1. Looking at the stretch A:73-95, which of its residues are within 12 Å of A:F30 (Cβ to Cβ) and either within 14 Å of another protein chain (Cβ to nearest Cβ) or out of contact with any Phe, Trp or Tyr (no Cβ under 6 Å at 6 or more places or on another chain) (or both)?
2. Would you say B:T54 is within 13 Å of chain A (Cβ to nearest Cβ) and out of contact with any strand residue (DSSP E or B) (no Cβ under 8 Å at 6 or more places or on another chain)?
3. If we scan the stretch B:68-84, do we find a residue that is touching a residue at least 60 places away in the same chain (Cβ under 8 Å), buried (at least 22 other Cβ atoms within 10 Å of the Cβ) and of a type in the set (S, T, N, Q)?
4. Given the criteria closer than 19 Å to B:G105 by Cβ, crowded, with 19+ Cβ neighbours inside 10 Å, within 13 Å of another protein chain (Cβ to nearest Cβ) and not polar (S, T, N, Q), does B:Y64 qualify?
5. So in the stretch A:18-66, with the set limited to residues that are within 14 Å of chain B (Cβ to nearest Cβ) and of a type in the set (V, I, T), which one is surrounded by the most Cβ atoms within 10 Å (Cβ to Cβ)?
6. Does the stretch A:58-74 include one or more residues that are over 14 Å from the mean Cα position of the chain (by Cα) and within 17 Å of A:Q3 (Cβ to Cβ)?
7. Could you tell me which residue of the stretch A:27-61 is farthest from A:G107 (Cα to Cα), considering only residues that are of a type in the set (A, V, I, L, M) and outside any strand (DSSP E or B)?
8. Within the group B:Q25, B:Q6, B:Q97, B:Q102, which residue is at pLDDT 95 or above and closer than 28 Å to A:S51 by Cα?
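The values are calculated or read from the model by the stated rules, or taken from the named source; none is laboratory data. Quick caveat: nothing in here was measured; it's all calculated off a predicted structure. In this analysis, Cβ positions are derived from the backbone assuming ideal geometry, glycine residues included, and neighbour counts consider all displayed protein chains.
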Amino acid sequence: DQQVKQNSPSLSVQEGRISILNCDYTNSMFDYFLWYKKYPAEGPTFLISISSIKDKNEDGRFTVFLNKSAKHLSLHIVPSQPGDSAVYFCAARGKNSGYSTLTFGKGTMLLVSP
Amino acid sequence: IAGITQAPTSQILAAGRRMTLRCTQDMRHNAMYWYRQDLGLGLRLIHYSNTAGTTGKGEVPDGYSVSRANTDDFPLTLASAVPSQTSVYFCASSDGQGVNEQFFGPGTRLTVL
């Protein structure tokens, strides 16, 4: 059973507009949520995170919102740029015998057109 | 700054052959991880190691083994490769502190025929 779900395989947005990527989770024990960005033929790179006790975290053009009651988080990119075109993975941190591991969603491919 | 290196970059392998994917990090991170990425399935954890000398099973460990003899190296071995192990393999590491975000290597593309 998927614990972290990204239900949109792809998203297309025009340059300058807002991109909203969504993620749902089922395990209420996750304590941190992270977003990773992946370009083709490269490894994923960490983008932004949010603690489960927060509802918003902002870093430049990137903002993550967490709705804990709905078990839902979203990544907002404003304004979107063509260089943002990549696959975005949502990940949730859980504990395993006192150590943390990440559970990833399947990813959403974002295409930002000029 | 190297970060995490993986070798080889890509490999074509006959089914039944043994293969070791190498991973080395120079950040002195305690924890290391192996993932596979398949189209439509995202990143799935194969094995992890929280510290040198310890390893644990992830979501999809069958057919794979790992060892962690020292802090820097975390090789992944396929004892007898099968076509379903065709995938892109990513190694990652983290320092175990704070958010504990993971840093990923560039990946190894493995094709098993």
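1. A:C90, A:A91, A:A92, A:R93, A:G94, A:K95
2. yes
3. No, because not a single residue in the stretch B:68-84 is touching a residue at least 60 places away in the same chain (Cβ under 8 Å), buried (at least 22 other Cβ atoms within 10 Å of the Cβ) and of a type in the set (S, T, N, Q).
4. On the way: closer than 19 Å to B:G105 by Cβ: yes; crowded, with 19+ Cβ neighbours inside 10 Å: yes; within 13 Å of another protein chain (Cβ to nearest Cβ): no; not polar (S, T, N, Q): yes.
Criteria not met by B:Y64.
5. A:V64
6. Checked the stretch A:58-74: at least one residue is over 14 Å from the mean Cα position of the chain (by Cα) and within 17 Å of A:Q3 (Cβ to Cβ).
7. Step one: list which residues in the stretch A:27-61 are of a type in the set (A, V, I, L, M), which gives A:29, A:34, A:41, A:47-48, A:50, A:53.
From the residues that got through so far, the ones that are outside any strand (DSSP E or B) too are A:29, A:41, A:53.
Details: A:M29: 21, A:A41: 15, A:I53: 24 Å.
The selected residue is A:I53.
8. B:Q25
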